[in-house]
Amino acid sequence: YPKVPNVSRQYLSPYGWQDPLLRRNIGDPVHEYDELYSMWGPDIPPIAPHIALRRFTFVAMGFVGFGFLVKYVLTPESPVVHRQYPFSGLVTELGGLDANKV
């Protein structure tokens with residue numbers, strides 16, 4: 001079986017083929033992994049994967065940073081005082097911690 005290069009058909013020119021849809025000539029050998037390298041295979045990414053990962057990381061850090069900004073900087077303090085119970089939170093008045101367990 002002939003050695004066919006591992007090049008996707010999406011990289012090839014769309015002109016000059018007997019079958020312009022699949023970018024093949026009649027009698028060309030079919031690659032062993034034709035389903036990966038044909039025109040119907042996975043699309044070629046327009047940017048390199050490491051650059052896409054870097055951009056995604058920057059955007060994710062921006063969203064997380066915006067969330068922290070909203071939560072800790074822009075959220076005002078509560079205008080009320082939280083209720084405080086005497087005698088360590090009414091533990092003895094409610095029967096103790098062991099009595100509240102089911």
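The values are calculated or read from the model by the stated rules, or taken from the named source; none is laboratory data. All values derive from a computational prediction rather than experimental measurement. Cβ coordinates were reconstructed from backbone atoms using ideal geometry, including for glycine residues, and neighbour counts include every protein chain displayed. Heavy atoms of the whole protein, side chains included, go into the accessibility calculation; ligands, DNA and RNA do not. Shrake-Rupley method; radii C 1.70, N 1.55, O 1.52, S 1.80 Å.
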Enumeration of residues in the stretch 57-94 that are of a type in the set (S, T, N, Q) and assigned to a loop (DSSP other than H, G, I, E, B): Thr75, Ser78, Gln84, Thr92
Could you identify the single residue in Leu36, Leu22, Leu69 that is more than 28 Å from the chain's Cα centre (by Cα) and among the hydrophobic types (A, V, I, L, M, F, W, C)? Leu22
Just one of (1) in a loop (DSSP other than H, G, I, E, B); (2) surrounded by fewer than 10 Cβ atoms within 10 Å (Cβ to Cβ) trips up Gly41, so point out which. (2)
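May I ask you to verify whether Val80 is open to solvent by 90 Å² or more (accessible area, probe 1.4 Å) and at pLDDT below 95?
Against the criterion (open to solvent by 90 Å² or more (accessible area, probe 1.4 Å) and at pLDDT below 95), Val80 qualifies.
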What residue, of Tyr33, Tyr85, is surrounded by 10 or more Cβ atoms within 10 Å (Cβ to Cβ) and closer than 30 Å to Val4 by Cα? Tyr33
Answer yes if at least one residue in the stretch 6-19 is among the basic types (Lys, Arg) and loosely packed, with under 10 Cβ neighbours inside 10 Å, and no otherwise. no
